[in-house]
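Asker: Before I ask anything, let me first share the structure, which is written out below as structure tokens.
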Amino acid sequence: MIAIGCDHGGYELKQKILAHLRQRGVEYKDFGCDSTASVDYPVYGKAVAHAVASGECEKGIVICSTGIGISIAANKVPGIRCALCGDCFSAKATRLHNNANVLALGALVTGPGLALEIVDIFL
């Protein structure tokens, strides 16, 4: 199972990723947020990270406007190796060489088409 969460800046991209995961038959648990209303990214980054660190979920995806803040929040949880990826090579390399268990995406810096490719490679 994949844990996924975002702040308001990542909400629209998260919705596209969720549709993509459903289409591929990938099970996921959505930790929010549930709209574009302003929220604090650490709440959602840490929720996803705790789900992965506890073993509830195998991997995680976190999204904010840049991917930076939410990746920092996720990486504060022991056992989490969250990598911000904006290209396919980084997504593949971080899984192979760094054993990253959470993917961070920046919704304002990575378009939806590329983001879906990155998700597929990371998972």
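Only the coordinates and a few stated rules stand behind these numbers; no lab work does. Note that the structure is a prediction, hence the values are computed from the model and not measured. For neighbour counting, all protein chains shown are included, and Cβ atoms are generated from backbone atoms with ideal geometry for every residue, glycine included.
Asker: With (1) free of Cβ contacts under 8 Å to residues at least 24 places away in the same chain; (2) part of a loop (DSSP other than H, G, I, E, B); (3) surrounded by fewer than 22 Cβ atoms within 10 Å (Cβ to Cβ) as the list, and Leu96 as the residue in question, which single condition is left unmet?
Answerer: (2)
Asker: Of these, Gly79, Gly69, Gly86, which one is in a loop (DSSP other than H, G, I, E, B), touching a helix residue (DSSP H, G or I) at 6+ places or on another chain (Cβ under 7 Å) and not charged (D, E, K, R)? Talk me through it step by step, then tell me what you get.
Answerer: Working: Gly69 fails: in a loop (DSSP other than H, G, I, E, B); Gly86 fails: touching a helix residue (DSSP H, G or I) at 6+ places or on another chain (Cβ under 7 Å).
Result of the check over Gly79, Gly69, Gly86: Gly79.
Asker: Show the residue pairs meeting these rules: Cβ distance below 6 Å; 6+ apart or different chains; first residue within the range 1-12 and under 11 Å from Asp30 (Cα atoms); second residue basic (Lys, Arg) and crowded, with 24+ Cβ neighbours inside 10 Å.
Answerer: From residues that are under 11 Å from Asp30 (Cα atoms), the pairs are Cys6/Lys14.
Asker: Go through (1) touching a residue at least 24 places away in the same chain (Cβ under 8 Å); (2) small (Gly, Ala, Ser); (3) over 18 Å from Leu18 (Cα atoms) for Gly60 and report which single condition fails.
Answerer: Among (1) touching a residue at least 24 places away in the same chain (Cβ under 8 Å); (2) small (Gly, Ala, Ser); (3) over 18 Å from Leu18 (Cα atoms), Gly60 violates only (3).
Asker: Would you check which residues across the range 15-36 are assigned to a helix (DSSP H, G or I) and closer than 14 Å to Leu123 by Cβ and list them? Let's see the steps before the verdict.
Answerer: Taking the range 15-36 as the starting set, the residues that turn out to be assigned to a helix (DSSP H, G or I) are 15-24.
If the condition is that a residue be assigned to a helix (DSSP H, G or I) and closer than 14 Å to Leu123 by Cβ, then Ile17, Leu18, His20, Leu21, Arg22, Gln23, Arg24 are the ones that fit.
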